[in-house]
Amino acid sequence: MSDLRADLEDVRQRAGERLAAATTAAGVEELRSRLLGRSGELTTLLRQLGTADAADRPALGQLANEVRDEVERAVAGRLEALRGTDLEARLAAETLDMSLPGRSVAVGHLHPTLTVMRDVREIFRGFGFEVFEGPEIETDEYNFELLNIPPDHPSRDLWDTLYVAEPGIASEPARDGTILRTHTSPVQIRAMRALDAPIRVLMPGRCFRYEAVDASHSFEFFQIEGLVVDRETSLADLKGMLEQFAHGLYGPETATRFRPGYYPFTEPSVAFDVTCLVCGGVGCPACKRTGWMTVLGAGMVHPTVLRNGGFDPDLYQGYAFGMGPDRMTLLRYGIADLRPLMAADLRFLEQFSGGR
């Protein structure tokens, strides 16, 4: 009995020492096999209990179970400690710091011209305007005739029009007068025919003219027009609203003025000027030394246009205004040439990633 008891105590002591000396989880697993495996040291001693005296077996069995339980707990504890240490060492050796934030995904942003158009839309939304859009491919009737511009009207000389080709005959314009719209004004007729008074609509979109491309002209450009149709509207209403628009877009200190103008679809017609955004009204080459810049044209809707839109000019009045967002973008950002806005050059466009 004494030899078996001594052997069990020796296994208990040496197991603790050997586990403390093990520095890897693999080493602890190997020691587990040597102690508790089918041919392990402790397993061999347990098998010898059957040869011990019957009187000594209960005490030896109790000791053997204590040693086995103690060794199993010691192995499990050492494994848990070493696995945590191994994980820390492995993470420390990683070249990628997992606690760092991820790389941000590149996202796009609005084109500067669209940013200006969005700002214009938001300002006029405060006046109760809604967006109303029309087709970019128009008919001669909507683009000219219904807007008080008959075929022999001298104002047609103001536009060089791009005509859609007749199907199958590329050199001939379409017989039905289909064109690329030269302005967004045709949408005024479409809005009046589609909506009931009172009407407050903003009409943004692309327009096309047969022009050479230079620093201030392009064959493709944007326009925004506004239309109000109601009873008892006046030029004073138009002036007050445009003043508030200029203050919202260019700042509350911006001075404004009306000048007489001419458009065949409005009567009377006016040009709307603001103090020069470059020199502040002192006078510079950008404003031709006048201190003023024209930002849009406007006027009271011509009675003929109202009638063509389905409204009786004796009962309803209206006013309209139109502006060029491309030119407004040049003024806002101090850009001297229109062409970079159309060039799709990221080196240029990325300068405006902050919106305004």
| With every protein chain kept in the model, how would you rank ASP7, ASP140 by accessible area, 1.4 Å probe, largest at the top? | ASP7, ASP140
| request: Treating the angle as unsigned and between 0 and 90°, give the value, to the nearest 10°, between the Cα long axis of helix 57-93 and the longest Cα principal axis of the chain. | output: 30 degrees
| remark: Residues whose modelled amide H sits under 5 Å from the amide H of THR266, counting only those 5 or more places away in sequence or on another chain, are HIS302
| query | Taking +1 at the Cβ of each Lys and Arg and -1 at the Cβ of each Asp and Glu, which of PHE352, TYR263, LEU63 sits farthest along the dipole of the chain towards its positive end, judged by Cα position relative to the Cα centre? | reply | LEU63
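What's the Cα-based Rg to Rh of the chain, Rh via Kirkwood?
My calculation puts Rg/Rh at 1.58.
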| request: Please work out the FRET efficiency for the pair GLU141 and GLU267, using the Cβ-Cβ distance as r and a Förster radius of 25 Å; give the result to the nearest 0.05. | output: 0.75
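Quick one: compute the contact order of the chain, relative version, from alpha carbon pairs under 8 angstrom and 6+ residues apart, as a percent. Could you put the intermediate results ahead of the total?
Details: 529 pairs, mean separation 51.9, N = 356.
Relative contact order of the chain: 15 percent.
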| task | Specify the angular offset, from 0 to 90 degrees and rounded to the nearest 10, of the alpha carbon long axis of helix 25-36 from the longest principal axis of the alpha carbons in the chain. | result | 30 degrees
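At 1.4 Å probe size, with the rest of the protein present, what percent of the exposed accessible area of the range 180-311 is carbon and sulfur atoms? Don't jump to the answer; show the numbers that get you there.
Values: 3040 of 5760 Å².
Here it works out to 53 percent.
If we count every other residue with Cβ under 13 angstrom of GLY299's Cβ, Lys/Arg +1 and Asp/Glu -1, where does the sum land? Walk me through the numbers before you get to the answer.
Details: positive: LYS239, ARG259; negative: GLU225, ASP237, GLU267.
Residues close to GLY299 contribute a combined charge of -1.
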| field | Between 0 and 90°, nearest 10: helix 2-21 axis offset from the chain longest Cα axis | value | 30 degrees
| task | Could you tally the net charge around PRO198, taking each other residue with its Cβ under 11 Å from the Cβ of PRO198, Lys/Arg +1 and Asp/Glu -1? | result | -1
| query | For a paramagnetic label modelled at 7 Å from the Cα of GLU130 toward its Cβ, which residues of the range 309-343 fall within the zone defined by backbone nitrogen distances under 19 Å? | reply | 310-311, 319
| note | Quick note, the range 175-224: a/c under 1.5 would make it rounded; otherwise a/b > b/c is prolate and the rest oblate (a ≥ b ≥ c, C-alpha gyration tensor); here it is oblate
| Projected onto the charge dipole of the chain (+1 at Lys/Arg Cβ, -1 at Asp/Glu Cβ, origin at the Cα centre), which of GLY297, SER216, ILE335 gives the Cα projection farthest towards the positive end? | ILE335
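What does the charge count around VAL229 come to, taking other residues whose C-beta lies under 14 Å from its C-beta (Lys +1, Arg +1, Asp -1, Glu -1)? Could you put the intermediate results ahead of the total?
Numbers: positive: ARG190, ARG193, ARG200, ARG231, ARG307; negative: GLU130, ASP196, GLU225, ASP230, GLU232, ASP237, ASP312, ASP314.
Charge balance near VAL229 sits at -3.
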| Accessible area per residue in Å² at 1.4 Å probe, computed on the chain | 55 Å²
| request: Please name which of GLY280, GLY226, LEU306 has its Cα lying farthest along the dipole of the range 209-356 towards the positive end, using unit charges on Cβ (Lys, Arg +1; Asp, Glu -1) and the Cα centre as origin. | output: GLY280
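Multiplying the sequence separation of VAL164 and LEU49 by 0.36 nm and subtracting their Cα-Cα distance, what value in nm do you get? Intermediate results must be reported in sequence, preceding the final value.
Details: separation 115, 0.36 × 115 = 41.40 nm, distance 10.66 nm.
Computed gain between VAL164 and LEU49 is 30.7 nm.
How big is the charge dipole of the chain about its Cα centre, in debye rounded to the nearest 20, if each Lys and Arg gets +1 on its Cβ and each Asp and Glu gets -1 on its Cβ?
Details: 38 positive and 52 negative charges, 130 e Å.
My answer is approximately 620 debye.
What shape does the range 169-326 take by its C-alpha gyration tensor, where a ≥ b ≥ c are the square roots of the eigenvalues and a/c under 1.5 counts as rounded, a/b above b/c as prolate, and the rest as oblate? Numbers along the way, then the final one.
On the way: a/c = 2.34, a/b = 1.15, b/c = 2.03.
Here the range 169-326 falls in the oblate category.
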| message | Looking at the chain as a GNM with Cα springs under 10 Å, which of ALA298, ALA25, ALA194 has the largest mean-square fluctuation? | response | ALA25
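The values are calculated or read from the model by the stated rules, or taken from the named source; none is laboratory data. Just so we're clear, the structure is a prediction, and the values are computed from it rather than from any experiment. Here Cβ is always computed from backbone atoms with ideal geometry, including for glycine, and neighbour counts include all displayed protein chains. Only protein heavy atoms, including side chains, enter the accessible area calculation; ligands, DNA and RNA are left aside. Shrake-Rupley method; radii C 1.70, N 1.55, O 1.52, S 1.80 Å.
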